[in-house]
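None of the figures in this text is laboratory data; all of them are computed from the coordinates on show. This is a predicted model, so every value here is computed, not measured. Ideal geometry is used to build each Cβ from the backbone, glycine not excepted, and the neighbour counts take in all protein chains shown.
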Amino acid sequence: MTTSSSNDMIYSVLDNNLSRIAGIQGAVLLSNDGIKLSAYLLDQPQAERMAAAASGIAATMKAISREVDGGRVIRQLVEMDDRYLCIVGCGEGSTLIVVTSRKARLGELGGEAVRTAQALGEWLGTPERAQVPTA
């Protein structure tokens, strides 16, 4: 599959699933090291900044989960004054960020974000970078 057709497929999955959410503002699919893989309804610079920032949040939640033997982190919901943010693990080594206005219902947001991540995760795998041993 070419990069262009991969991007088209990712965008199609994002559009088909996330367009159902009231107040959808955008989404970013990123590698766990913060590289933007695809964006939905967001411009390139904003999507790249969100990807970089969210990778740190996702990594922190994974570390906390390991510390308390919590297992896999399924999703993180963040409530802001004017927005909701949902961060969901997606495939091997990828993360999906979904941002909505406060018009969204949290159950709908969380459910659609997880379903979207599962749909992408079935065929998308971004392996985590191997740790380089220090000399």
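Exposure proxy check: 6, 12, 55 ranked by fewest other beta carbons within 10 Å?
12, 6, 55
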State the label only: which of (1) 11, 32, 19, 14, 16, 8, 1; (2) 10, 23, 14, 6, 7, 11, 14, 10, 4, 0; (3) 12, 45, 33, 8, 1, 0 corresponds to P(r) over Cα pairs in 10 Å bins from 0, in percent computed from the shown model? (3)
For peptides 89-98, 67-76, sequence by mean Cβ density within 10 Å, most packed first: 89-98, 67-76
Isotropically averaged projected area of region 4-64, using the convex hull of Cα atoms (one quarter of hull area), nm²: 4.7 nm²
